[in-house]
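The values are calculated or read from the model by the stated rules, or taken from the named source; none is laboratory data. The structure displayed is predicted, hence computed values, not measured ones. FYI the Cβ positions are ideal-geometry reconstructions off the backbone, even for glycines, and counts take in every protein chain you see. Ligands, DNA and RNA are stripped out before the accessible areas are found, and what is left, the full protein with its side chains, is counted by its heavy atoms. Shrake-Rupley method; radii C 1.70, N 1.55, O 1.52, S 1.80 Å.
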Amino acid sequence: YYTEDGLKSYVEEEISEYKEEHTGAEITLDGISVKDGNAAVVFSYGSLEDYKGFNDTDAFVGSIEDAKQLADWPATFVAKKDGSNVAAAELDKKYKVVMVCPKEATQVKVPGEIKYLSGAAQVSENVASVEAETRAFVVYR
């Protein structure tokens with residue numbers, strides 16, 4: 001297990017090494033905490049490509065129309081407001097979509113209010129929790 005200072009040093013070194021190998025990458029360590037054997041690390045990324053590269057994972061950010069082109073676009077979503085199932089075809093085209101498939105459990109923060117989820121659980125108005133190796137879709141406005 002890491003101490004908070006040890007984990008911070010390790011993460012800062014990982015960021016530094018990644019930036020050396022990927023000129024122009026923008027990755028910032030925004031916060032870190034260790035409590036009761038659990039660690040929380042918060043990053044900011046300059047671009048989707050920075051996120052995908054640093055985390056070695058697949059991800060998508062875009063419109064409902066563009067997301068529908070993804071091979072694994074789900075047929076139904078769970079509505080945040082009441083937990084009901086909603087057909088993907090009924091989603092308002094004004095909404096945006098984030099898709100992630102993290103190697104480890106993670107939380108995804110979106111720049112708006114979450115409206116629908118698939119493969120993720122709601123944590124707060126704009127944060128969804130995603131289990132490791134799960135392809136999750138978060139629809140927000």
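If you check Glu4, Glu20, Glu49, Glu26, which single one turns out to be open to solvent by 90 Å² or more (accessible area, probe 1.4 Å), touching a Ser or Thr at 6+ places or on another chain (Cβ under 9 Å) and farther than 22 Å from Ser124 by Cβ?
Testing whether each residue is open to solvent by 90 Å² or more (accessible area, probe 1.4 Å), touching a Ser or Thr at 6+ places or on another chain (Cβ under 9 Å) and farther than 22 Å from Ser124 by Cβ leaves just Glu26.
Could you grab the pairs with beta carbons closer than 6 Å, sequence gap of 6+ or different chains, first residue in region 47-74 and farther than 21 Å from Val86 by Cα and at pLDDT 95 or above, second one open to solvent by less than 40 Å² (accessible area, probe 1.4 Å) and among the aromatic types (Phe, Trp, Tyr)?
Note: pairs meeting the criteria are Phe54/Tyr18.
Is there a residue being open to solvent by 70 Å² or more (accessible area, probe 1.4 Å), more than 28 Å from Glu14 (Cα to Cα) and touching a helix residue (DSSP H, G or I) at 6+ places or on another chain (Cβ under 7 Å) anywhere in region 81-88?
No, region 81-88 contains no residue that is open to solvent by 70 Å² or more (accessible area, probe 1.4 Å), more than 28 Å from Glu14 (Cα to Cα) and touching a helix residue (DSSP H, G or I) at 6+ places or on another chain (Cβ under 7 Å).
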